[in-house]
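Chemist: Quick one: the structure is below, and I'll ask about it shortly.
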Amino acid sequence: MSRLAPLPRAFYERPTEIVARALIGKVIVRRLDGALRRARVVEVEAYLGEKDAASHARHGRTPRAAMMFGPPGHLYVYFVYGMHHCMNVVTETDGVAGAVLIRAAEPLPDDGGFPYRGPGKLCAGLGVTLADKGLDVTSRGAIYVADDGTPAPRLSVSKRVGVDYAGRWAARRLRFYVAGNPHVSGRPR
């Protein structure tokens with residue numbers, strides 16, 4: 001499994017919603033302190049840039065959201081509620097904001113069973129912090145996403161979690177997940 005090749009930049013250089021759907025079933029590979037952790041993505045949310053009232057990019061290229069404007073295939077990590085890191089992959093073309101929040105992943109059998117249910121636990125389990133912001137996930141570095149050839153699971157779709165402030169965007173069905181998977185965070189909305 002450690003010989004998995006990272007997904008190419010072209011994978012991320014597409015519309016955010018397409019990338020979000022395509023990430024389900026892919027494998028996150030994390031090298032940390034000499035250990036290798038692997039988990040299969042089971043839940044994501046798409047954030048569609050400046051037009052999306054739930055996106056960090058809704059106010060344009062602010063210091064916080066600048067990373068969302070590209071280049072694609074890099075990590076956008078932020079700290080929320082003073083205690084949790086959240087990990088996104090940047091999408092779209094360079095200069096166009098978009099990112100996919102990875103909400104949950106299923107540890108692979110040889111991973112040690114770390115809890116990856118929810119974006120905060122996912123980052124804690126993988127050791128993702130603000131120090132990882134900007135990492136290129138298209139190279140075999142400290143963290144990347146790969147395709148191990150496992151067939152894509154059937155997707156379920158719902159509105160995103162915790163974005164009720166976003167007006168009509170709160171109702172948009174931009175959360176994609178594997179129904180019935182015990183590692184998915186929360187119930188369908």
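The values are calculated or read from the model by the stated rules, or taken from the named source; none is laboratory data. Since the structure is predicted, the reported quantities are computational estimates derived from the model, not experimental observations. FYI the Cβ positions are ideal-geometry reconstructions off the backbone, even for glycines, and counts take in every protein chain you see. With ligands, DNA and RNA removed, areas are computed over all heavy atoms of the protein, side chains included. Shrake-Rupley method; radii C 1.70, N 1.55, O 1.52, S 1.80 Å.
Chemist: Mind computing the radius of gyration and Dmax over the alpha-carbon atoms of the chain? Å is fine for both.
Modeler: My reading of the Cα-based Rg and Dmax gives 15.0, 45 Å.
Chemist: Further, regarding this structure: Considering only protein heavy atoms and a 1.4 Å probe, what is the carbon-and-sulfur percentage of the accessible area of the chain? Show your work: numbers first, answer last.
Modeler: Numbers: 4590 of 8520 Å².
It is 54 percent, rounded to a whole number.
Chemist: Are there any trypsin sites (Lys or Arg not before Pro) in the stretch 1-87 that are in a DSSP loop and have at most 13 other Cβ atoms within 10 Å? List them by number.
Modeler: Working: sites: Arg3, Arg9, Arg21, Lys26, Arg30, Arg31, Arg37, Arg38, Arg40, Lys51, Arg58, Arg61, Arg64; in loops: Arg3, Lys26, Arg61, Arg64.
Here the trypsin sites (Lys or Arg not before Pro) that fit, given the DSSP loop and packing criteria, are Arg3, Arg64.
Chemist: Which length gain, in nm to one decimal place, applies between Arg61 and Ala10 when the Cα-Cα distance is subtracted from 0.36 nm times their residue separation?
Modeler: Result for the pair: 16.1 nm of gain on full extension.
Chemist: Oh, and also: Among the lysines, which have Cα under 20 Å from the Cα of Lys51 when same-chain residues fewer than 8 positions away are ignored?
Modeler: Straight-distance partners of Lys51: Lys159.
Chemist: Between Arg21 and His84, what is the spin-label point distance in nm, taking each point 7 Å from the Cα along the Cα→C-beta axis?
Modeler: 2.7 nm
Chemist: With an 8 Å cut-off on Cα pairs and a minimum separation of 6 or more residues, tell me the relative contact order of the stretch 77-144 in percent.
Modeler: Value for the stretch 77-144: 29 percent.
Chemist: Still on this structure, I have one more. Please give every one of the aspartates and glutamates within straight-line cross-link reach of Lys26, meaning a C-alpha to C-alpha distance under 14 Å, and leave out same-chain neighbours fewer than 8 residues apart.
Modeler: Lys26 reaches Glu43, Glu106, Asp147, Asp148.
Chemist: Treating only the Cβ atoms of Lys and Arg (+1) and Asp and Glu (-1) as charged, compute the dipole magnitude of the stretch 66-189 about its Cα centre; round to the nearest 20 debye.
Modeler: 800 debye
Chemist: Quick one: check the C-alpha center-to-center distance for the stretch 106-130 versus the stretch 25-56, whole angstrom.
Modeler: Between the Cα centre of the stretch 106-130 and that of the stretch 25-56, the gap is 11 Å.
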